[in-house]
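Undergrad: Here it is, the structure in full.
The values are calculated or read from the model by the stated rules, or taken from the named source; none is laboratory data. On a predicted model such as this, the values are computed, not experimentally measured, just so you know. All Cβ positions, glycine included, derive from the backbone under ideal geometry; neighbour counts span all protein chains shown. SASA here: full protein model, heavy atoms, side chains in, ligands and nucleic acids out. Shrake-Rupley method; radii C 1.70, N 1.55, O 1.52, S 1.80 Å.
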Amino acid sequence: MNKQIKVRRVIRETPDAITVVLEPDPWIDHYKPGQFINVSAQVLGEVISRSYSFSSTPGVDDFPAITIKRVANGRLSTQLVENLKPEMLLETSQPMGRFALKEDAEHSGGLLFIAGGSGITPLFSMIKSVLKTKPEKSIKLIYANKNEQSIIFLDQLQRLAKESSGQFEVIHLLETLASENLLGAKKGRVNAEVLVEALGDVPSFSAVYLCGPQGMMESACLSLNDLGVDPSQIYQESFSAFNTTTAPINEGVARVTIIKENGSEQITIPKNQLVLNAILNAGIELPYSCKEAMCGTCRVKLVSGKLVMNENYALTDEMLNSGFVLPCSGLAVTDELTISYL
Ligand SMILES: Cc1cc2nc3c(=O)[nH]c(=O)nc-3n(C[C@H](O)[C@H](O)[C@H](O)COP(=O)(O)OP(=O)(O)OC[C@H]3O[C@@H](n4cnc5c(N)ncnc54)[C@H](O)[C@@H]3O)c2cc1C
Ligand code: FES
């Protein structure tokens, strides 16, 4: 279910990124730093839905806000970055997502944040939260961008670092350095050398939060593993969709019963095909939008059988515990599956 939320203000962060400040509304007001909302809109006659993380922080910022970076040839991001204006209505889901500051991480050791491009958005919200609530916690941010002009929240990050009296430090990594490198940025990408430099100054840290393009996250994880960081200390969120050419986890077929308001239908699907695609291929209409485990439109209750999801950006723990699954991201692993849209 979605609700129309009014845009209060649009802030141009960089040539490609805007922050959209929203009017407060109980529908979206109860969010945690790191969470996102799904925004749905018509693009060339088709309704599509994409996730955008909160850049605002509860208890710090007066209004909820999301930050959107235009992706080259990206349908919704281009439309929103080019056209959104104050007073317009944005169709959004409620806040969701499990990428959040961990309780234990809030109690001991410093924190390391590694962001690439628009991946700064959820991390910015988390950093402001830690600065507000945990003045004793040391925070390092390694932030990778193409060049100085593409750094989202540059002024705010510099100000926060300055005002934090040493609690918060930002290390900018740029592909292209300006001739006057006033930021003291390092040239290059996230790798083990850069991390050694950052970690060397943080004798003990309890968690690493990572968000950015898939390639950067993979290389950061490999480097962190090489440096002996326990994988259980690394929390990450990818903005890219998963690869739908997932290796089959099972051979054979499954008998699927689909319960809808107007009755039930039964079909047989291959176990190595994503459940939503297999059902749609059989000519049965089901609700869906992104097909990338992001929007939650295909959400359905699993009544019996087992379905394993490749990814899930849309369902909260509460929904998972209530038995909801995303058939766009799931493969059947049992011979029988029953899903219900009632
Ligand atoms: C949990 C989560 C949180 C996120 N938070 C943020 C955030 O805070 N800020 C933010 O900016 N983004 C965020 N994203 C990413 C965002 O949801 C979108 O994925 C992004 O804006 C691109 O959407 P789009 O519709 O513009 O691009 P799409 O139209 O989906 O295109 C995406 C890419 O695919 C390529 N492409 C599109 N169609 C084709 C085609 N037919 N053939 C080949 N290539 C094609 C495009 O060139 C583009 O590079 C988040 C994603 C997730 C999963
Ligand atoms: S269609 Fe968007 S989550 Fe399944």
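Undergrad: Would you mind listing the strands (runs of 3 or more DSSP E) fully within segment 251-342 where at least 1 residues are outside the structural domain of Val43 (by TED's automatic domain parsing), on the phi > 0 side of the Ramachandran plot and within 10 Å of ligand 2 (Cβ to nearest atom)?
TA: Strands (runs of 3 or more DSSP E) meeting the threshold: none at all.
Undergrad: Moving on. For segment 80-103, enumerate the residues that are in contact with a strand residue (DSSP E or B) (Cβ under 9 Å, 6 or more places away or on another chain) and of a type in the set (Asp, Glu).
TA: Within segment 80-103, Glu87, Glu91 qualify.
Undergrad: Another question, then. Conditions: (1) more than 17 Å from the chain's Cα centre (by Cα); (2) of a type in the set (D, E, K, R); (3) surrounded by 13 or more Cβ atoms within 10 Å (Cβ to Cβ). Lys291 meets all but one. Number of the miss?
TA: If we test Lys291 against (1) more than 17 Å from the chain's Cα centre (by Cα); (2) of a type in the set (D, E, K, R); (3) surrounded by 13 or more Cβ atoms within 10 Å (Cβ to Cβ), just (1) comes out false.
Undergrad: Still on this model: Quick one: count up the residues across segment 311-325 that are within 13 Å of ligand 1 (Cβ to nearest atom) and touching a residue at least 40 places away in the same chain (Cβ under 8 Å).
TA: Number of matching residues: 5.
Undergrad: OK, next. Is one or more of the residues making up segment 260-276 within 18 Å of the chain's Cα centre (by Cα), open to solvent by 20 Å² or more (accessible area, probe 1.4 Å) and modelled with pLDDT under 95?
TA: Among the residues of segment 260-276, not one is within 18 Å of the chain's Cα centre (by Cα), open to solvent by 20 Å² or more (accessible area, probe 1.4 Å) and modelled with pLDDT under 95, which makes the answer no.
Undergrad: Scan segment 247-259 for residues that are open to solvent by 60 Å² or more (accessible area, probe 1.4 Å) and under 25 Å from Thr316 (Cα atoms) and report the count.
TA: Within segment 247-259, residues that are open to solvent by 60 Å² or more (accessible area, probe 1.4 Å) and under 25 Å from Thr316 (Cα atoms) number 1.
Undergrad: Yes or no: Leu76 in contact (Cβ under 8 Å) with a residue 12 or more places away in the chain and open to solvent by 20 Å² or more (accessible area, probe 1.4 Å)?
TA: no
Undergrad: Still on this model: In this structure, does Ser232 turn out to be surrounded by fewer than 18 Cβ atoms within 10 Å (Cβ to Cβ), within 16 Å of ligand 1 (Cβ to nearest atom) and over 17 Å from Ser93 (Cβ atoms)?
TA: Here the answer is no, as Ser232 does not meet what is asked.
Undergrad: Still on this structure, please answer the following. Checking Lys85 against (1) within 26 Å of Tyr209 (Cα to Cα); (2) touching a residue at least 24 places away in the same chain (Cβ under 8 Å), which single condition isn't satisfied?
TA: Result: Lys85 fails condition (1) only.
Undergrad: While we're on this one: Within segment 8-21, is even one residue within 12 Å of ligand 1 (Cβ to nearest atom), within 14 Å of the chain's Cα centre (by Cα), of a type outside the set (Gly, Ala, Ser) and open to solvent by 10 Å² or more (accessible area, probe 1.4 Å)?
TA: No, segment 8-21 contains no residue that is within 12 Å of ligand 1 (Cβ to nearest atom), within 14 Å of the chain's Cα centre (by Cα), of a type outside the set (Gly, Ala, Ser) and open to solvent by 10 Å² or more (accessible area, probe 1.4 Å).
Undergrad: Output the residue which, of all residues in segment 153-192 that are within 27 Å of the chain's Cα centre (by Cα) and among the acidic types (Asp, Glu), is surrounded by the most Cβ atoms within 10 Å (Cβ to Cβ).
TA: It comes out as Glu169.
Undergrad: Would you say Leu274 is closer than 30 Å to Gly34 by Cα, touching a residue at least 60 places away in the same chain (Cβ under 8 Å) and more than 16 Å from ligand 1 (Cβ to nearest atom)?
TA: In short, no.
Undergrad: Okay, next question. Before we move on, is Leu112 within 29 Å of Lys134 (Cα to Cα), in the same structural domain as Arg189 (by TED's automatic domain parsing) and modelled with pLDDT of 90 or more?
TA: Here the answer is yes, as Leu112 does meet what is asked.
Undergrad: Is it true that Pro33 is open to solvent by 60 Å² or more (accessible area, probe 1.4 Å) and either modelled with pLDDT of 95 or more or within 10 Å of ligand 1 (Cβ to nearest atom) (or both)?
TA: no
Undergrad: I need the full set of residues from segment 43-73 which are open to solvent by 10 Å² or more (accessible area, probe 1.4 Å) and within 16 Å of ligand 2 (Cβ to nearest atom), in order please.
TA: Answer for segment 43-73, where residues must be open to solvent by 10 Å² or more (accessible area, probe 1.4 Å) and within 16 Å of ligand 2 (Cβ to nearest atom): Val43, Glu46, Val47, Arg50, Ser51, Tyr52.
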